[in-house]
Structure formats: C-alpha cells, structure tokens
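Single-structure report; data block below.
The values are calculated or read from the model by the stated rules, or taken from the named source; none is laboratory data. Since we're looking at a predicted model, the values are computed, not measured. We place every Cβ from the backbone using ideal geometry, glycine too, and count neighbours over all the protein chains shown. Side chains included, ligands, DNA and RNA excluded: accessible areas come from the protein's heavy atoms. Shrake-Rupley method; radii C 1.70, N 1.55, O 1.52, S 1.80 Å.
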Amino acid sequence: MKKKILCFALALVMCLCLAACGDNGDDTSKAGDASNTESTASGTESAADASKAESTDAESSDAGSEDNSEVAAGPYEDLDWATLDAGEYDAACKAVYERALGEFDSVYEAGRNEVEDIGLRWALMAIAEAKLLESGVMVPTGTQGGMYAMSHAATRTITSVLWGSDTSRYHNAIVANELIKKEDQDAMKAKWTELIGKDGTEYDAFVKQYLADKGYTLNDTYAMAYAGDPVTWDVLATSQAQDSDAIVNTYDGLAEYDVLNKLQPALAESWEVSEDGTVYTFHIRKGVKWVDYQGREIADVKADDWVAGLQHACDSHGGLEYLLEGVVVNYSEYINGDITDFSEVGVKAVDDYTLQYTLLGKTPYFETMLGYSIFAPLCRSYYESQGGAWGVDEYNASENYQYGIDYQHIAYCGPYLVTNATASTTIRFEANPTYWNKDNINIKTITWSYNDSTDPTRNYEECKAGKVVSASFNANVLPLARDQKPEGEDKTYFDLYSYTSATTATTYSGFYNLNRKAFANVNDETKCVSTQSAEEQARTRTAINNQHFRLAISMGVDRATYNAAQTGEELKLNSLRNSYTPGNFVTLPNEATVEINGESKTYPAGTFFGRIVQDQIDADGIKIKVWDDELQSSDGFDGWYNVENAKEEFAKAVAELAEVGVEVSKENPIHLDLPYPSSVQIYTDRANTWKQSVEAALDGAVVVDLVDSVDIKTWQYCGYVTATGDQSNYNIYDLSGWSPDYGDPQTYLDTFLPDYAGYMAKCIGLF
C-alpha cells in the first residue's frame, strides 16, 4: 500500500518562537519573533521559522522501502526522460532516486542495520551523511538561534534537549516581569552547566532564588507570537509543527525531559527493559484524569490509552507513523496492510496500569523517542464518542466524526486546557485544575498572539512592553536595540539585555526538485505560475539531474549574506550550518573501525560524528567543509560558498550536459524557479541573494527566476504543505527543514529513504 504522506514535518508553524528551544542554550523563550519565520516542531519538517530560534531556554527506519534492484543506475546519458514520463510516477522516482542517492541509500543501510555496536553504527551513518551531502540534492542553509536576543524568561528553564516535542512545553519556564539583564542570564547559565546530571528541580529552585535576590518579580504567564494556526487539534494525526507545538501542552506522555535534559517519569511512574532489550514495560501513574476543554472529567488515564493512540496514528497516516516502522513487532505490517488486526502489533495493555512494547530487536534510541508525539495517549472512549473508529479506511468515515476538529473536541490530561483559539488572532491556554502535577508548574497561562511577520520590529517592541516573553534582534531590530535606552537607564537595550541565543538541532536547507511535475500551486493553479517554456522545463530537468550542476549551484550561493538578511552582518555565520545531521549531534560511545575508500580507519570513543563525515568527503575529493575541529561544530562558518569551486563543478556539468544534447551558456542559460513571499522583507532579501550570487558565480549561464508567492501561505503551498513530490512547484525551495525526533542520526537520515519511507524526499520532487 502506498503510504499517504500528509505533510509530515514542516508545516511551517512559523511559530515565531524566537529562540527555539534547541540547545537552546542561551535563549529563554520560544516566544516568537515574526521576523523569523523558520519554525519547527521536533521531529518534523520545519518550515523556515527563524524565529523559533529564541527559545525558552533562553535559547532554547527503516520504513519498509521497496527493492530498487531493477533500476539500473547506468551512465548519465541513459536516463531516458521520455520513457520515464510515459511510465508510472513511482517508476520515474525510483530511477531518479537511484541515480542521485543510490550510493547514500546502500551505505546507509549498513549503518541502519547495525544495532549492537553503536560506535560502528554511527560511524557508518556518518559516511552515509557524507554521501548525501556529496549528492548535491540539497544544500544546508542554517539553523535556529545564533542571534542577539533579549528575554523576560530565565535561561534554560525549558528543556533544551535536541530532539522530541518537550521543547514546546512551557510549564517549567520561569518568567520575570522585567527584562533579564545579560549578566544575570550568564550567571544562571553557568549554574545550569554546573548542575548537569542532577535533578532539574535543583536548578528551578536556584533560578527563583537568584532572580528574587536580584530584585526581579515573577510572572506566571508565558506570552509569545505565532504565525500559523493549527490545522488540526489531533496530535496523533499530524506531524506539522503549527499543530503539535500547541497540542503538546494539552497532554502528558510516558516520560519528559527536565530542564537539565534528563529523562524523567511523567505518566509512566517507572519502567524496565528486558535483558535482550526488546521488551519495555511501563507502569502507568494511577489517579490521572482525562477531562474535556471545560475541565469536566471524562475517564481515568489507563495503559490502553497508548494502545489506542498508536493505532490511531497508524490509521490516520498523519506523518508520525513512519517513526516506529521496523521498530515495533508487526507495526510495519499493519501500516502496509499486511495485517489488519492491531492486537497483533507489539503494544498491549497488560492490565489497566501496565503497558508493554515489544520490539523487533534491540533499539538503542527507543527511550529518546518517548518525548515525541507518536507516544501521546488517546482516550479511547472519548475518541469513539466523537465518531472515531479503528482501521485505515474507517477511522474518520462517520459523518459525525469530530475528533480534533478544534480544541473543544479533544480530551486533555496535561497541564493546560485551551480556553480560546481564534484564527489569526490568539490561542490561550489555562492551567488544568485536575492536572496530576498542578502544584509543580510555574506557568499558569500561555498566550499566543498572531503575528504575520510583515512588521519585523513588532516582536521587539512588544517584548519591551512585556507583551511577549522574548525577541531576537534581527537585521531590522539590531540598530534600534543599539540606539534605544530604557527609561532611566544610561545603557541601551542591546548593552543591557542582549545575549547570543544558542543554535538548535533543526537544519534548514535549499532543495533541488529532481522530478518536477507541478508548474503552478496544486491548491490554486493561478498562483506561483512558472514562466518556463516547455523547452526550458526539459533543459532544466536534465541539468538539475546532473550532480556537478547541483553542486555548482550550492557552491555558488553566498549563504553568509543570505543569512545576514535575518541575523544582521555581525552574526551571519553563527547559525550557518554546513551539514544535514549536525556534526556534534552525537559522539562515538566506543571505538569504531570503518573503511573509507578502501582504507581502514579507527576512530576512538568521543569522536564527533562530523569528523567522520568530513574525512569521507575529503577522501572523495568534494571541495566542501562541513566540520571544524576547533569549533567542534558544523556551524559558524561557510564551508560551501566558493566561486572558484563552483566554476570548476559547473564546467564539468556543462561538458556532461553537452554530451546529451543540452548546450549551456550565457546566451542559452538554464532557468531555475525559486519562489519567495514578497510580503516579508527578510525572505525577499534572501531570495535576491540566492539569485544574484549564483548568477554572478556562474557568469549568467544559470538564471534564477524569482517567483513571487506574495504571502507566506502561498509560499507554503509551493512545497511545504504539499503531500508528495509531484506537487512540489519549484526548482529550488528554501522554506523547509528538519528537526530531530530522537537521539540517533537515523532521525535525520531516514528522511531521505526512497519509496515514500523518507519524508524529505518529497522536497526533492520524489515520492
């Protein structure tokens, strides 16, 4: 059965959450800065929401792919587009994928299947990451954070773990009525570092006492901007950030990461793992209640709620279901329709308060997945009362189906109830009086205020007035912050309050559409219409399927200037990322020996993932830098942009294209469509940087045609919220990104698997 891939990941929540939680090391509030529209939910496709960069922390599978053996890689000239066009779409995708990413896929399979030796697993995955980057199907453009910001929230009082949904939970945040001075943020961050490994309650107590001693007063409201309303309130039927970032505050999961990034029991009081690592048994907390949006009791939370939740996630095909394929017994078989009885799947309620997952094999990252929404519970009786049923074709077949249509049609077991959600205006959360842990939450009210990003200074002004928790100093705001002084102060807002927010694990990229089928938006064929002639379309498709051509474009993009449109010139390198999986996402837990181009190489325990990626790239002779040993990071430098290297790759592409009858020159250029929203100046400036730098680097032999989407929503419909690759309306697209679901590089690399198994494959026009 072909999987329905409903926009998993990015639904550009545009949450404006300034400093997106990520390590989020220095920011404290996810509060949104509309000027930064690159937001993301963990483990989901992230839309370009730079705003989420300011987080609260004061920074805040193998999916059953089909056998491709029948697709011959063949020499470049053997890719017969006429034949592919005449055949089925899937067959064309297979052929294009094999040519572009076949080597990545085969190398990655070895790493994915290694579950006993974690060091070897991650070393092999690093080699696969290198092959992905070398393919040139995408170029990393940046991440969240790395900007000057100011905040009312204390640093690191929301978890800064790099994966999962917990970074969107605000109940532990500590917010002051006053803006917090830079030296105080620094002092609290130093204490946080000192306490790592301990219980998060110790840091919570320290922050409250520290702020009181310094004369700050606390506020129990967390106010932030947002730029995209939830499309659904059914957290198990969506993987879009604009949905899950809101809904995550309405339920608790089995476990939750605390402010020191330590996994703590939540609705599971405890759990144990079998000796062979394949059976996880969770003991569910007793006395927890499901309530409706008015706080009226519905039912007790029981183990069966997780069984119901997982089946509903599978039935709805909302984009989450891929996460556990190849992990849980009979799960893939249910997803693919090979079995229809969900009781055969490896999740069961042993009794009312004992939940058990049975895995296909040892899964080293399983516990790191518990903070993601695939593990959300679902009140079975309430779901059925809303017309819900069970089965792929039956779950929403009833004419009375209402589950998740709005906040009034879901059940709550988390810290907050939604009391208002008015489209493009506000979303308000109030403390749940029946919440099992109600005495241990710091925030009683969460308010989201809509900000359409058209005014780049609005969030800054509202932060000064205390209307939102945090604001980043984007390129438009920075001069104001350096000039303006708070009343009664001799120093400016910048001098008093600015800190540099940490970068997160979210990776944004520019993607190249290898199999373009749409030349206008599928939801409205009158919008974003390409001006390419049929001949230009054919020439472009042939060119963009040449690896050297793609690398030439990527090496010709001045990504630092592109980034400066948002961050300002000073910090343009801070959030510039050079790899897909961040190079410091993991380090080898043990020594590992791998083959790099026939040479055996041993890496000691503690080796960064990015170091191995760079070694493979260097061995392959690709002139890009994705890791810096001194910085111990893939961020903070531009390892791609190099005009000389771009020209070298382009010369190879021109020669190969000439062999297949495509002549490329300044007089006969290749045209590439790049959509952008003219209503947002930052994105307009970035699009123009892409156009100008590429055209200059390649001497006009490539023309980047900017296609005006006018507004954010139309821009999203060019690709971000589309379901499959054939709906992607662009040659280049820079709105999408990925943030990780769990603590293993597989969470990134799986997204480029073939045959509808990899979510981000749709961004390159496939599956």
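From N584, N597, N590, grab the single residue that is open to solvent by 20 Å² or more (accessible area, probe 1.4 Å) and either at positive phi or small (G, A, S) (or both).
Selected residue: N597, the only one of N584, N597, N590 that is open to solvent by 20 Å² or more (accessible area, probe 1.4 Å) and either at positive phi or small (G, A, S) (or both).
Here's the yes/no breakdown for (1) open to solvent by less than 40 Å² (accessible area, probe 1.4 Å); (2) of a type in the set (A, V, I, L, M, F, W, C); (3) touching a Phe, Trp or Tyr at 6+ places or on another chain (Cβ under 9 Å):
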| residue | (1), (2), (3) |
| --- | --- |
| E430 | no, no, yes |
| T434 | no, no, yes |
| T454 | no, no, no |
| T457 | yes, no, no |
| A475 | yes, yes, no |
| A481 | yes, yes, yes |
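Out of (1) closer than 30 Å to Y683 by Cα; (2) open to solvent by less than 50 Å² (accessible area, probe 1.4 Å), the odd one out for A465 is which?
The number of the failed condition is (2).
Considering only the range 505-527, I want to know if a residue exists there that is open to solvent by less than 10 Å² (accessible area, probe 1.4 Å), over 25 Å from the mean Cα position of the chain (by Cα), more than 30 Å from D292 (Cα to Cα) and not charged (D, E, K, R).
no
Give the residues of the range 144-167 that are open to solvent by 10 Å² or more (accessible area, probe 1.4 Å) and more than 24 Å from L195 (Cα to Cα), sorted by residue number.
Y148
How about the range 392-504: which helices (runs of 4 or more DSSP H) wholly inside it have at least 1 residues that are at pLDDT 95 or above and within 27 Å of the chain's Cα centre (by Cα)?
458-464
From the list D234, D220, pick out the single residue that is surrounded by fewer than 24 Cβ atoms within 10 Å (Cβ to Cβ), farther than 13 Å from R169 by Cα, of a type in the set (D, E, K, R) and at pLDDT 95 or above.
D220
Could you please find all residues in the range 168-182 being open to solvent by 10 Å² or more (accessible area, probe 1.4 Å) and over 16 Å from C463 (Cα atoms)?
Once the filter is applied, which keeps residues that are open to solvent by 10 Å² or more (accessible area, probe 1.4 Å) and over 16 Å from C463 (Cα atoms), the range 168-182 yields R169, H171, N172.
Being at pLDDT below 95 and surrounded by 23 or more Cβ atoms within 10 Å (Cβ to Cβ) is true for just one of G319, G326. Which residue is that? Quick ask: steps written out before the conclusion?
Working: G326 fails: surrounded by 23 or more Cβ atoms within 10 Å (Cβ to Cβ).
Checking each option against the conditions leaves just G319.
Here are D744, D673, D685: which of them is open to solvent by 10 Å² or more (accessible area, probe 1.4 Å) and either over 25 Å from P456 (Cβ atoms) or charged (D, E, K, R) (or both)? Lay out the reasoning, then the answer.
Values: D744 fails: open to solvent by 10 Å² or more (accessible area, probe 1.4 Å); D673 fails: open to solvent by 10 Å² or more (accessible area, probe 1.4 Å).
That would be D685, the only listed residue that is open to solvent by 10 Å² or more (accessible area, probe 1.4 Å) and either over 25 Å from P456 (Cβ atoms) or charged (D, E, K, R) (or both).
Select from the range 524-573 the residues that are over 20 Å from K625 (Cα atoms), of a type in the set (D, E) and not in a helix (DSSP H, G or I) and list them in ascending order.
D524, E525, E569, E570
For the structure I just gave you, tell me whether G388 is closer than 17 Å to G253 by Cβ, buried (at least 18 other Cβ atoms within 10 Å of the Cβ) and not hydrophobic (A, V, I, L, M, F, W, C).
Details: closer than 17 Å to G253 by Cβ: no; buried (at least 18 other Cβ atoms within 10 Å of the Cβ): yes; not hydrophobic (A, V, I, L, M, F, W, C): yes.
Here the answer is no, as G388 does not meet what is asked.
Looking at the range 701-716, is at least one residue open to solvent by 10 Å² or more (accessible area, probe 1.4 Å), over 28 Å from A646 (Cα atoms) and within 16 Å of the chain's Cα centre (by Cα)?
Yes, the range 701-716 contains a residue that is open to solvent by 10 Å² or more (accessible area, probe 1.4 Å), over 28 Å from A646 (Cα atoms) and within 16 Å of the chain's Cα centre (by Cα).
Restrict the check to the range 620-633 and report whether at least one residue is modelled with pLDDT of 95 or more, of a type outside the set (G, A, S), open to solvent by less than 60 Å² (accessible area, probe 1.4 Å) and farther than 20 Å from Y508 by Cα.
Among the residues of the range 620-633, at least one is modelled with pLDDT of 95 or more, of a type outside the set (G, A, S), open to solvent by less than 60 Å² (accessible area, probe 1.4 Å) and farther than 20 Å from Y508 by Cα, which makes the answer yes.
Please state which one of S61, S65, S51, S39 is part of a helix (DSSP H, G or I), at pLDDT below 70 and of a type in the set (S, T, Y).
Values: S61 fails: part of a helix (DSSP H, G or I); S65 fails: part of a helix (DSSP H, G or I); S39 fails: part of a helix (DSSP H, G or I).
Within the list S61, S65, S51, S39, the selection yields S51.
Quick check on my filter: what residues within the range 717-741 are open to solvent by less than 10 Å² (accessible area, probe 1.4 Å), at pLDDT below 95 and assigned to a loop (DSSP other than H, G, I, E, B)?
Once the filter is applied, which keeps residues that are open to solvent by less than 10 Å² (accessible area, probe 1.4 Å), at pLDDT below 95 and assigned to a loop (DSSP other than H, G, I, E, B), the range 717-741 yields Y720, T722, L735, S739, P740, D741.
What pairs come out if I take residues in the range 501-519 that are aliphatic (A, V, I, L, M) and pair them with residues that are buried (at least 24 other Cβ atoms within 10 Å of the Cβ) and part of a strand (DSSP E or B) whose C-beta lies under 7 Å away, six or more apart or interchain?
Matching pairs, first to second residue: A502/D27.
Would you say E116 is outside any helix (DSSP H, G or I) and among the acidic types (D, E)?
When the stated conditions are applied, E116 passes them.
Can you tell me which residue is least open to solvent (accessible area, probe 1.4 Å) among those in the range 261-299 that are under 30 Å from E194 (Cα atoms) and part of a strand (DSSP E or B)?
Only one residue fits best here, namely A268.
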